[in-house]
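Beneath this line is the structure, given in structure tokens, with notes to follow.
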Amino acid sequence: MTSLEDRLEQRAIAGGARPHESEPYLSEAFLESVEHFSSFPGLAVPLDGATGAFHAPATCYRLFRDVSSRRLDGRLVSTVTGSCRRNEKDFASSRLPEFTMREIVFIGGGDEVAEWRAALMQSEGAFAAELGLDAELVQAQDLFFGAAAVNRGKRLMQHLLGLKYELVAPIAGKPVAISSFNLHRDFFTSRLGIEVAGVDSPHSGCVAYGLERWVEALRYRWGTDEDSWPGEVRNLVGA
Amino acid sequence: MNRDEFTERLIAYINDHLLDGDGPPVAANTNLFTGEVLDSLSLIRVLAFVENAIGATIPDEEIVMDRFATPEKIAASFWSDE
């Protein structure tokens, strides 16, 4: 998995992203500021003890925290990786309580964020195909929105505007999302006071890779013995 | 109330209660999403207005761009003169 993680980082850097190192845990105040508790009730996992800190439910949160209240000189493209935890027991028993997520985050003008995401959807779909995965790009919605009326609005808006797409690949015969491609519009930038020089009302977007799922999809396709995978596939993932 | 009257009331509701004087007023053929007229909260308020007017709940799967992009599409899709 480490080699695939390295390869994904190399691909992100080749695409213009700068690696971002970050404190892994998030404060309750930050999660409150991005409406995490109201949008996704019960999903965040607190650290043990009365620390007031939470495990990151998504790695892009860490980057958004780090650029809060900042004025960026220009558009930002960064990649960040790390461990995520979510309390997903109500959604599917197959979901891992802890998993590794690499993300690429783009902050800039609305049109360029949308164009960037479209390009990544194409390139990462092609990468999955090169790996022999029978992957498909599908429009998606977050599963975890709470039942409050405003969350119905967020869910409907996500679908109406095509804000979320997922790359799904078969694992154990079932389609599973291995990556997601998300537009946030001005959700994070407006709530966190993120400005970009020369851009009115900047938008953001992110592309996420679920590392364990990519590995499982590859093992389902080519077998658990990585030494027996086709040479081209091994080269592509750095195995 | 016929469909045209419903459309007018919907437009008036959006202009008077949701826009707060921000931006140009909405017309029957204004796309409510490309110009970011609606956000998730105001979308719910439009939905509540329509559901209250027709006296029925609209399933989420029926809320698609072809039916919800403009006031006239909403009226054509969800209001019945009968």
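The values are calculated or read from the model by the stated rules, or taken from the named source; none is laboratory data. All values derive from a computational prediction rather than experimental measurement. Please note: Cβ atoms are built from the backbone with ideal geometry, for glycine as well, and neighbour counts cover all protein chains shown.
Would you confirm whether any residue within region A:148-165 is within 30 Å of A:GLU32 (Cα to Cα), surrounded by fewer than 21 Cβ atoms within 10 Å (Cβ to Cβ), free of Cβ contacts under 8 Å to residues at least 40 places away in the same chain and over 21 Å from the mean Cα position of the chain (by Cα)?
yes
Just need a number here: residues in region B:64-82 that are under 11 Å from the mean Cα position of the chain (by Cα), within 13 Å of another protein chain (Cβ to nearest Cβ) and of a type outside the set (Gly, Ala, Ser).
5
Is it the case, given these coordinates, that A:VAL150 is among the β-branched types (Val, Ile, Thr), at pLDDT below 95 and within 29 Å of B:ASN31 (Cβ to Cβ)?
For A:VAL150, the condition - among the β-branched types (Val, Ile, Thr), at pLDDT below 95 and within 29 Å of B:ASN31 (Cβ to Cβ) - is met.
Select from region B:35-56 the residues that are more than 14 Å from the chain's Cα centre (by Cα) and exposed (fewer than 11 other Cβ atoms within 10 Å of the Cβ) and list them in ascending order.
B:GLY55, B:ALA56
Within region A:31-38, is even one residue surrounded by fewer than 19 Cβ atoms within 10 Å (Cβ to Cβ), free of Cβ contacts under 8 Å to residues at least 60 places away in the same chain and not β-branched (Val, Ile, Thr)?
Taking every residue of region A:31-38 in turn, at least one turns out to be surrounded by fewer than 19 Cβ atoms within 10 Å (Cβ to Cβ), free of Cβ contacts under 8 Å to residues at least 60 places away in the same chain and not β-branched (Val, Ile, Thr).
I'd like to check something: does region B:36-45 contain any residue that is in contact (Cβ under 8 Å) with a residue 24 or more places away in the chain and in contact with a His (Cβ under 8 Å, 6 or more places away or on another chain)?
Yes, because at least one residue in region B:36-45 is in contact (Cβ under 8 Å) with a residue 24 or more places away in the chain and in contact with a His (Cβ under 8 Å, 6 or more places away or on another chain).
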